[in-house]
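First comes the structure, then the notes that go with it.
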Amino acid sequence: GYFASVDGALNRQRNLVEQIRPIIKDDFQLHSFAGSMKLMLIITIILTLMAVTLSSVDALSYFEIHKGLTADQERMFFFLELFFIFAIVVSFSIRLIHSYTLNIRLLFQTQINVLKNIQSRNFSEYAPVVSNDEFGVVSQQINRVIDELNEKERIRKTLEHIVSPNVMEKLLSHDAGDLKAGQEYDVAILFCDLRKFTTYAESTPPEKVIFFLNAFFSKVADIVEANNGIINKFMGDAILAVFGTTSEDNPVEDAIHAVWDIMLHTQSNQLGRGKMIDIGIGVHSGKALAGIIGSNDRYEYTFIGDVVNTANRLDGLTKRLGYKVIISQDAYMQLSHDEKERFLDLGVHKIRGKQEKVHVYGAFEVEQ
């Protein structure tokens, strides 16, 4: 009965591993019982059974169960009984050791397979916890790792729709403290917004406004990405794009190439009722600090510095000067000769928020 019950328990454990492996995830407080202690307990009970049984046989021989036999015959029968019991106990013990070995091998193989899945970024299968020994503890730790990786993958997929891939990698790989400290970049900032869009939104159903903005800025985002830039912010009917963090090329050249593509995209779209889209674009270059800003509970990854503020002000200057694209002298001086030919010197102008005047250049003069 002892051997049958232990062997049955080992077989049930093995069957349980094979049945629940793809779906189960146990998460409970596990008080581990060492596998070596289990094996020691099994061996101790087996030896105890052998000792008790042999003692019983020895006692029976002295009680002269087999009366009328000579001493040699009694000795022979005693050793036959001893050999029979020893053979049975050893056979059953080998069976238990075989079952125990199969379980250990299966648990090892199951955990290795799960770890291989993790290595190939497949986090759908958990390691079953079917024992309270070291294997159960290891399985629970593997499952906790899978949970953390699943959460990280969920965040990654969410961030893919919010920030650019390189920003996403920074958020996932850097410590929050390092991100709050910030990192300095030499960048070109492109600030673009839609003109007279408030009037359009007042007379248009909200769902159509959202549909138009999503369609328009989806293409703009593709243009920015194609020119080695990233979209840092969507601000209603405006965007903030950054060039110089993903490529070692001239960030100002990349930004200006994006400007021409955005202008072509704008000319191919209409607001409806024959109204053409009107936009303003400001470009400035300089040093910006990139990091996370906000509270402990909520923050965002953004670029801050005078270069960002100036690009925003240059975008606002397009209305006053009558040009759709305004760039600073700092940006202009980094352009090639051919690109410079496409801009007109607009002189020095005062912009809001800055004490010193800014020398600017314009392109795409607005028809009066």
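Here is the figure for the range 342-368: residues that are under 22 Å from Ile279 (Cβ atoms) and open to solvent by 100 Å² or more (accessible area, probe 1.4 Å) total 5.
Considering only the range 351-366, I want to know if a residue exists there that is part of a strand (DSSP E or B), within 21 Å of Asn232 (Cα to Cα) and touching a residue at least 60 places away in the same chain (Cβ under 8 Å).
In the first step, residues of the range 351-366 are kept if they are part of a strand (DSSP E or B); the result is 358-365.
Going one step further and asking which of them are within 21 Å of Asn232 (Cα to Cα), we end up with none.
No: the range 351-366 contains no residue that is part of a strand (DSSP E or B), within 21 Å of Asn232 (Cα to Cα) and touching a residue at least 60 places away in the same chain (Cβ under 8 Å).
Within the range 306-327, none of the residues are assigned to a loop (DSSP other than H, G, I, E, B) and free of Cβ contacts under 8 Å to residues at least 24 places away in the same chain.
How about the range 210-229: which of its residues are of a type in the set (Gly, Ala, Ser) and touching a strand residue (DSSP E or B) at 6+ places or on another chain (Cβ under 9 Å)? Lay out the reasoning, then the answer.
Kept after step one, since they are of a type in the set (Gly, Ala, Ser), are these residues of the range 210-229: 215, 218, 221, 226, 229.
Answer for the range 210-229, where residues must be of a type in the set (Gly, Ala, Ser) and touching a strand residue (DSSP E or B) at 6+ places or on another chain (Cβ under 9 Å): Ala221, Gly229.
Since Thr110 meets every condition but one in (1) more than 28 Å from Asp315 (Cβ to Cβ); (2) at pLDDT 85 or above, which condition does it not meet? If we test Thr110 against (1) more than 28 Å from Asp315 (Cβ to Cβ); (2) at pLDDT 85 or above, just (2) comes out false. Pairing each residue of the range 252-269 that is under 17 Å from Lys340 (Cβ atoms) and open to solvent by less than 10 Å² (accessible area, probe 1.4 Å) with any residue that is assigned to a helix (DSSP H, G or I) and among the charged types (D, E, K, R), provided the two are 6+ apart or on different chains, yields C-beta distances under 8 Å for Ile256/Glu339. Listed by position, the helices (runs of 4 or more DSSP H) enclosed by the range 183-276 that each have at least 1 residues that are of a type in the set (Lys, Arg) are 206-226. For the range 183-195, the set of residues classified as touching an Asp or Glu at 6+ places or on another chain (Cβ under 6 Å) and surrounded by fewer than 19 Cβ atoms within 10 Å (Cβ to Cβ) consists of Arg195 only. The residues of the range 118-136 that are modelled with pLDDT under 80 and surrounded by fewer than 20 Cβ atoms within 10 Å (Cβ to Cβ), listed by number, are Asn132, Asp133, Glu134.
Cβ-Cβ distances below 7 Å connect the following pairs, each with a first residue in the range 202-221 that is under 17 Å from Asp261 (Cα atoms) and without any contact (Cβ under 8 Å) to a residue 60 or more places away in the chain, a second residue that is open to solvent by 100 Å² or more (accessible area, probe 1.4 Å) and not β-branched (Val, Ile, Thr), and a separation of six or more residues or different chains: Phe217/Phe234.
The values are calculated or read from the model by the stated rules, or taken from the named source; none is laboratory data. Please read these numbers as outputs of a predicted model, since none were measured by experiment. No Cβ is skipped: glycine too gets one built from the backbone with ideal geometry, and neighbour counts run over all protein chains shown. Note: accessible area is taken over every heavy atom of the protein model, side chains too, but ligands, DNA and RNA are not part of it. Shrake-Rupley method; radii C 1.70, N 1.55, O 1.52, S 1.80 Å.
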